Amino acid sequence: MSLAIWGMTYLPAAGLCAPEIPEASISPSRSRPSQQLPQTFEAGGELIHILARTWEKVKDRVYAMGSVDVRYKNIRLFADRVEVDTKTKDVYAEGNVVLQSPDEVVTAASISFNMDSARGKLDRVQGRIQPNFFYEAGTLERKAEDVYSFTKSTFTSCTQPVPRWNFSCSRANFKKNDYVEMWNAVLKIKKVPVFYLPYFRYPLDSQRSTGFLMPQVGFSGPKGFTYTQSFFWAIARNMDATFNLDYYSARGVGGGVEYRYLFGGGVNGEARLYYFIFKNDPAKGPKPDNAFILRLNHNQPLPYGFGLVASIDYQKSFDFLREFDNNYRRALMANRSQQVYLSRSWSHYNFSIRGSVFETFFTQYDSSIKTIYLPQVSLNSFRVKLAEKLPFYFSFASSFNRWQYGWQSEYDAGKQRKSQSIGFSPTLSMPFSAIPWLTVNGNLTGNLAYYAQSYAPNTRRAIDEPVLNANYVISAEAVGPVFYKIYQAGWLGGDDPRLKHVIEPFFSYQYDSPVANADRIITAYGFFRYHQLSYGITNRFIIKQGEMPREVFTWGLSQVFYLAPEQSPLSVYKLEDGTVPRFSDISSYMRFYPGRKYSLDFSAGYNTYYKTLSSVRLSANLNSAADPFYLRLSWFKSMNPWYKSVLWDRHQIGLSGGAKIPWLSLDALAEIDFNIAERKMLYSGVSLVYHYQCLDFKADMRIFNFRDKPETQFKVSIGLGNIGKTTDFLGGMEIK
């Protein structure tokens, strides 16, 4: 058998040359000097070649001294003194020991091992594990196949005479092509101790590997000293898990797990669970209730063509999310949801059934509105042509809904609105597109609805008295006449570049016939009748370079005119003279995409009655996060002119960007969000990563002014070779 020493690749001693052994075998002799002549000994059918200044054979043992070179199968051993048992293949060597196999070399002060089993022990060892992980150890011992133990050792992947970093530990285990695990590990930068870890595991495979990630430490005023540690478990090629621990010296401790999976047949998903235990500090008041966060996404194809989708986004406390989540946008979330969705499509039909709970929290009221659907069932058909020569199409929609809606206080008192209904809506449509510059579509829809509960006449008291309603809807929509003009645009470059400007006016009319007993129908958001005109215009600019056209600019305007305003969605608003408005806000949107990595989106709403903007939204992107430089801008302003209250007004601007600066070996991210209405900085953050040969230094500073207690947070972490940096479960912006 050949010796496979520890799955390691080591550097031989400088200037060491192994003399060649002649092909001819030399019969062994005993108790005589060799005068540098090679000797060959037979051992169990195998040959052991020994070259030394002097040698002596006593029974089964050969003693060699002076520049000894031992060769057995594909093993070469060099040392000052060697003792070989030709029967058991045991070898002991000392003095400038070099052990060499086809793909590895190790140096030591002394070695005791078996050349057949390759098990043994080395003292005062130096070497390299795999291509770029160097070590020194007091002792090295092989205990099992590809598993080795070290004592009093140091490890590093740096090649400098004084390594940029290294780990020293009291003992360690190594498994070939897998990991090095260390006990009482101390990380040193240059010669300065930085971290102490009772246990640490370093992956040797550049692929996904099980082990601890580098910890993250920090400080913030309200939370005190912080320590975050993650452990990654590569369960299998199709699944993994990350365990996370967060320690806040002033607030408590939290732990989480993220599990990701991908199975055959399209089954995939991820689950994240986090639990936080608050510290009991009587000086700061009553101990808050422990909090938890659960997030789940699951997709699974089922037999007979069905598909299952399940999702949960739930946190026990919105206050906890606002105070602890370091992702700015996620911290301000005010929604919880849980839903399971089962669907199937075949031929001309689609079937679905869903159970869901949606909840929105309002900070100003310290309460939430909850909507429950259990279940929602629908069976719909796609459009089917009725006759080959007639332009008529038929489709239908049917549903069964059981729902509840109300404030949490109403649920607690059992006074939430609830009902169940069955609906069926057949539609006959007639599209027309014979004229190239005009597209028209007409629809006639019948609505039949059965409500199991209703309001008592002239009251808002729900009773178990069913209501059956029927009405019809006539609608027609037209796009056109469409105008366009083509321009030669030399500034675009390329062969025969052209710019096409398309103008598309559009118009639609909808007549929703009156519904009997409309005031008795129980709904979550109100019952409205849509008798209206919608109109607008769209401008499109399309470039053609070669054979591929691309829309680079779009601008549109639209408005709705309500012919029956008293029953429209605007019926909840009143003008100063007490009448109901007929015109909706004028909506405008613009999209500009000059290139794949450049975009500008703008939308606005203008209220014609109060002559003011009701909303403005701007989003601009330059490059993507994967590019050396990127920038993102978002601006949002909204107000409700119908209600003169700052409660409904919002005006914020956000800016984020990143840059990779090779000549400085630096990656940087920055983000700010500013409340223009209150003239207050809500959030700002900077994240820097400095690449220093074998090391990655990461530093974060974030300021959370939107929290009840404004917080300035500092965090640092270090990346080493194959070991990634810990990212906490409640983390914010990151640099990969």
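The values are calculated or read from the model by the stated rules, or taken from the named source; none is laboratory data. What you see is a predicted model, and the numbers here were worked out from it, not measured in a lab. Counting neighbours? That spans all protein chains shown, and the Cβs are built from the backbone with ideal geometry, glycine included.
Quick grid of which residues meet (1) of a type in the set (S, T, N, Q); (2) over 20 Å from residue 675 (Cα atoms); (3) in contact (Cβ under 8 Å) with a residue 24 or more places away in the chain; (4) not assigned by TED's automatic domain parsing to the domain that holds residue 365:
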site	(1), (2), (3), (4)
610	no, yes, yes, yes
614	yes, no, yes, yes
632	no, no, yes, yes
636	no, no, no, yes
643	no, yes, no, yes
651	no, no, yes, yes
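Select, from 173, 184, the only residue that is part of a strand (DSSP E or B), out of contact with any helix residue (DSSP H, G or I) (no Cβ under 9 Å at 6 or more places or on another chain) and within 20 Å of residue 217 (Cα to Cα).
None of the other options fit; the residue is 184.
Any residue at all in the stretch 543-560 that's closer than 30 Å to residue 418 by Cα, free of Cβ contacts under 8 Å to residues at least 60 places away in the same chain and buried (at least 17 other Cβ atoms within 10 Å of the Cβ)?
First, the residues of the stretch 543-560 that are closer than 30 Å to residue 418 by Cα: none.
No, the stretch 543-560 contains no residue that is closer than 30 Å to residue 418 by Cα, free of Cβ contacts under 8 Å to residues at least 60 places away in the same chain and buried (at least 17 other Cβ atoms within 10 Å of the Cβ).
Considering every residue within the stretch 619-638, establish whether at least one is under 19 Å from residue 329 (Cβ atoms), buried (at least 16 other Cβ atoms within 10 Å of the Cβ) and basic (Lys, Arg).
yes
Got a sec? Which strands (runs of 3 or more DSSP E) wholly within the stretch 220-276 have at least 2 residues that are over 21 Å from the mean Cα position of the chain (by Cα), among the hydroxyl-bearing types (Ser, Thr, Tyr) and under 13 Å from residue 324 (Cα atoms)?
Values: elements: 224-236, 239-248, 252-262.
Filter on the stretch 220-276 gives 239-248.
Which of the following residues is farther than 25 Å from residue 717 by Cα, of a type outside the set (A, V, I, L, M) and crowded, with 18+ Cβ neighbours inside 10 Å: 128, 119? Break it down into steps so the answer makes sense when it comes.
Details: 119 fails: crowded, with 18+ Cβ neighbours inside 10 Å.
That would be 128, the only listed residue that is farther than 25 Å from residue 717 by Cα, of a type outside the set (A, V, I, L, M) and crowded, with 18+ Cβ neighbours inside 10 Å.
Checking residue 703 against (1) at pLDDT below 75; (2) touching a Gly at 6+ places or on another chain (Cβ under 9 Å): exactly one of these is not met. Which one?
(1)
Output the residues belonging to the stretch 339-396 that are closer than 30 Å to residue 409 by Cβ and among the acidic types (Asp, Glu).
359, 366, listed by residue number.
Would you check which residues across the stretch 574-633 are more than 30 Å from residue 670 (Cβ to Cβ), among the aliphatic types (A, V, I, L, M) and touching a strand residue (DSSP E or B) at 6+ places or on another chain (Cβ under 6 Å) and list them?
586
Any residue at all in the stretch 205-219 that's at pLDDT 80 or above, under 30 Å from residue 702 (Cβ atoms) and part of a loop (DSSP other than H, G, I, E, B)?
So far as the stretch 205-219 goes, yes, one or more of its residues are at pLDDT 80 or above, under 30 Å from residue 702 (Cβ atoms) and part of a loop (DSSP other than H, G, I, E, B).
Take the conditions surrounded by fewer than 16 Cβ atoms within 10 Å (Cβ to Cβ) and hydrophobic (A, V, I, L, M, F, W, C) and apply them to residue 661. Does it pass?
Judged against the criteria, residue 661 is a match.
Would you point out which residue out of 473, 467, 502, 482 is farther than 30 Å from residue 431 by Cα, modelled with pLDDT of 90 or more and surrounded by 13 or more Cβ atoms within 10 Å (Cβ to Cβ)?
Just one listed residue meets the conditions, 467.
When you scan the stretch 370-386, do you find a residue that is farther than 24 Å from residue 470 by Cβ, charged (D, E, K, R) and surrounded by 17 or more Cβ atoms within 10 Å (Cβ to Cβ), even just one?
For the stretch 370-386, residues farther than 24 Å from residue 470 by Cβ, charged (D, E, K, R) and surrounded by 17 or more Cβ atoms within 10 Å (Cβ to Cβ): present.
Are there any strands (runs of 3 or more DSSP E) wholly within the stretch 371-472 with 2 or more residues that are under 27 Å from residue 353 (Cβ atoms), and if so which? Step through it out loud before you land on a result.
Values: elements: 384-387, 390-407, 417-432, 439-451.
Correct list: 390-407, 417-432, 439-451.
Consider residue 574 against the criteria (1) farther than 30 Å from residue 529 by Cα; (2) more than 34 Å from the chain's Cα centre (by Cα): it satisfies all of them except one. Which criterion is unmet?
Looking at each condition in turn, residue 574 falls short on (1).
Can you name the residue in the stretch 589-603 that is without any contact (Cβ under 8 Å) to a residue 24 or more places away in the chain and among the hydroxyl-bearing types (Ser, Thr, Tyr) and is also nearest to residue 633 (Cα to Cα) among such residues?
Selected residue: 599.
Could you grab me the full set of residues in the stretch 129-179 that are modelled with pLDDT of 80 or more and either more than 28 Å from residue 693 (Cα to Cα) or among the acidic types (Asp, Glu) (or both)?
Scanning the stretch 129-179 gives 136, 139, 140, 141, 142, 147, 148, 149.
Go through the stretch 308-356 and count every residue that is hydroxyl-bearing (Ser, Thr, Tyr) and either outside any strand (DSSP E or B) or under 18 Å from the mean Cα position of the chain (by Cα) (or both).
Of the residues in the stretch 308-356, 5 are hydroxyl-bearing (Ser, Thr, Tyr) and either outside any strand (DSSP E or B) or under 18 Å from the mean Cα position of the chain (by Cα) (or both).
Quick test of your reading of the structure: residue 224 fulfils all but one of (1) at positive phi; (2) buried (at least 20 other Cβ atoms within 10 Å of the Cβ). Name the failing condition by number.
(2)
Can you tell me which residue within the stretch 473-482, out of those that are part of a strand (DSSP E or B) and touching a Pro at 6+ places or on another chain (Cβ under 9 Å), is nearest to residue 563 (Cα to Cα)?
Ranking the qualifying residues of the stretch 473-482, first place goes to 478.
Do we find a residue being under 17 Å from residue 446 (Cα atoms) and not assigned by TED's automatic domain parsing to the domain that holds residue 471 anywhere in the stretch 406-417?
no
Which condition from (1) among the small types (Gly, Ala, Ser); (2) in contact (Cβ under 8 Å) with a residue 12 or more places away in the chain; (3) surrounded by fewer than 20 Cβ atoms within 10 Å (Cβ to Cβ) is the one that residue 236 breaks?
Every condition holds for residue 236 apart from (2).
Do you know which of the residues in the stretch 574-588 that are surrounded by fewer than 16 Cβ atoms within 10 Å (Cβ to Cβ) and under 21 Å from residue 638 (Cα atoms) is modelled with the highest pLDDT?
583
Out of all the residues in the stretch 304-314, is one or more farther than 20 Å from residue 266 by Cβ, outside the structural domain of residue 397 (by TED's automatic domain parsing) and of a type in the set (Asp, Glu)?
Checking the stretch 304-314: at least one residue is farther than 20 Å from residue 266 by Cβ, outside the structural domain of residue 397 (by TED's automatic domain parsing) and of a type in the set (Asp, Glu).
Find the strands (runs of 3 or more DSSP E) located wholly in the stretch 586-667 whose residues include 3 or more that are within 25 Å of residue 680 (Cα to Cα), and list them.
Output list reads 598-607, 612-622, 629-638, 650-661.
Could you check, for the stretch 141-161, whether at least one of its residues is basic (Lys, Arg), in the same structural domain as residue 47 (by TED's automatic domain parsing) and surrounded by fewer than 20 Cβ atoms within 10 Å (Cβ to Cβ)? Explain how you work it out, then say what you get.
Initially, the stretch 141-161 is screened for residues basic (Lys, Arg), giving 142-143, 152.
Of the ones still in play, those that are also in the same structural domain as residue 47 (by TED's automatic domain parsing) are none.
No, the stretch 141-161 contains no residue that is basic (Lys, Arg), in the same structural domain as residue 47 (by TED's automatic domain parsing) and surrounded by fewer than 20 Cβ atoms within 10 Å (Cβ to Cβ).
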